[in-house]
Amino acid sequence: MTLRVLHVLDHSLPLHSGYTFRTLAILREQRALGWQTFQLTTPKQGATSTLKEDVDGWTFHRTPSTEGQGMLAQMRLTARRLAALARETSADIVHAHSPVLNALPALWVRRQLKVPLVYEMRASWEDAAVDHGTTTEGSVRYRASRALESYALKRADQVTTICEGLRGDIAIRGVPDERITVIPNAVDVASFRFGVEADPELRRSLGLDGATVLGFAGSFYGYEGLALLIEAARRMLPRHPNLRVLLVGGGPQEANLKAQVASAGLGDRVIFTGRVPHDQVQRYYELIDVLAYPRLGIRLTELVTPLKPLEAMAQGRMLVASDVGGHRELIRHGETGFLFKAGDATALAQVLDDVLARRALWPDVRHQARRFVEQERTWARSVARYRDVYARALQAYRRDGRPQITTEGT
């Protein structure tokens with residue numbers, strides 16, 4: 001009998017984000033395992049009266065909602081829609097993904113329908129609130145957010161998360177180790193071209209001919225530390241007169257970064273491409289000699305592993321990254337990339353100087369990075385871990401007709 005999994009999501013296609021791409025990878029690999037998946041988005045997807053939407057070959061069930069509804073109203077709407085869809089699909093498991101506002105309605109549905117709940121915490125709600133500036137660490141709102149997150153984590157049948165840093169945070173909340181499983185971020189290696197030469201026309205159009213290019217591709221959030229990269233580049237220019245910085249993407253810090261560039265007189269040295277279509281990002285990666293991920297040392301970056309360095313490694317790109325916990329979990333210094341002291345522009349400039357001076361080592365580092373993702377960070381390998389998670393969640397709810405899940409597959 002086919003396992004039926006009902007996923008509850010904050011948002012989905014046609015919106016593009018790291019959250020969306022992880023979701024699609026999970027759905028694709030679960031279907032490859034022979035499971036049937038259903039996808040429900042909450043009112044966070046946007047106001048709509050539509051119950052179902054087909055996007056790029058995927059069907060997403062929507063939660064009808066209107067603009068301006070508060071958090072409690074949104075959770076009530078989600079709970080009603082989720083309960084109806086769980087009955088309609090005869091779901092065997094409800095799999096709620098962050099934030100906790102998805103887990104709380106799912107807990108209510110579990111009690112009503114006796115369907116096991118797996119909660120996937122991709123980031124804690126309280127830390128996301130701090131990151132987006134809606135609260136401060138230690139405030140009443142922060143403590144309330146953390147209490148709600150802990151409430152859901154303790155009551156879910158099984159908990160999954162994306163890295164060891166978050167696993168530790170979940171455990172100290174009182175969740176037993178046997179109920180926590182890490183399903184790490186990964187990449188679809190086959191979709192990334194390894195060691196491809198840059199498009200000469202694109203290089204020329206951006207004024208990069210003959211340049212040594214440092215770069216970043218992603219969202220311009222404050223915690224990404226891109227101001228450090230610009231400052232490091234300014235310090236390096238006397239030693240590297242052909243240096244350029246290519247910043248691909250956009251976000252809340254874009255105006256501040258452009259002001260910094262103008263103030264430093266780097267207008268002809270730092271290129272902002274703006275956001276580019278997701279299927280074109282790799283072409284821009286290929287223009288960059290050394291990618292930089294200078295994340296600042298905050299609770300979020302210490303606990304959570306990013307996806308972008310894995311994509312860079314899959315393409316065999318050279319990279320440097322700050323030594324926050326999320327990076328240390330991914331990058332082996334001197335083997336798959338290079339680490340430097342977080343928050344230190346001097347340390348960043350020094351490691352970039354060192355990497356640029358040791359080009360003879362680049363082929364080995366590139367191949368080691370690619371081998372790491374091929375052997376340890378493929379989506380097929382990560383998603384296979386859900387077999388045991390779902391089997392444990394179902395065990396307490398076993399009744400005739402429920403599918404049996406084994407570690408050998410379905």
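Values as computed for the structure displayed
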read-out: Gyration tensor (alpha-carbon) shape descriptor, the range 234-367, a/c threshold 1.5; value: rounded
read-out: Where only C-alpha atoms are counted, convex hull volume of the range 194-238 per residue in Å³; value: 116
read-out: Positive minus negative residues near PRO14 (Lys, Arg vs Asp, Glu; Cβ under 9 Å); value: -2
read-out: For the range 22-90 and the range 262-281, distance of Cα centres in Å; value: 35
read-out: Listed pairs LYS52/LYS308; LYS308/LYS341; LYS154/LYS341; LYS44/LYS308; LYS44/LYS258; LYS114/LYS154 exceeding 26 Å between Cα atoms; value: LYS52/LYS308; LYS154/LYS341; LYS44/LYS258
read-out: Theoretical gain in end-to-end length, ARG381 to GLU329 [0.36 nm per residue, Cα-Cα removed]; value: 17.0 nm
read-out: Burial ranking of peptide ranges 327-338, 353-364, 295-306 (average Cβ count within 10 Å, highest at the top); value: 295-306, 327-338, 353-364
read-out: Cα gyration tensor category, rounded, prolate or oblate, for the range 172-306 with a/c compared to 1.5; value: oblate
read-out: Extension gain (nm, one decimal) between SER90 and SER139, 0.36 nm per residue minus Cα-Cα; value: 13.5 nm
read-out: ARG317, ARG204, reordered so the largest accessible area comes first (probe 1.4 Å); value: ARG204, ARG317
read-out: Protection-proxy order for peptides 106-113, 225-232, each taking the mean of Cβ atoms within 10 Å per residue, highest first; value: 225-232, 106-113
read-out: Per-peptide average of other Cβ atoms within 10 Å, ordering 239-246, 180-187 highest first; value: 180-187, 239-246
read-out: Label corresponding to Cα extents along the principal axes in Å when calculated from the structure given, among (i) 84, 51, 44; (ii) 71, 45, 40; (iii) 60, 54, 45; value: (ii)
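The values are calculated or read from the model by the stated rules, or taken from the named source; none is laboratory data. Model, not experiment: these values are computed from the prediction. With ideal geometry, Cβ positions are generated from the backbone for all residues, glycine too; neighbour counts draw on all protein chains shown. Please note that ligands, DNA and RNA were not included when accessible areas were found on the heavy atoms of the full protein model with its side chains. Shrake-Rupley method; radii C 1.70, N 1.55, O 1.52, S 1.80 Å.
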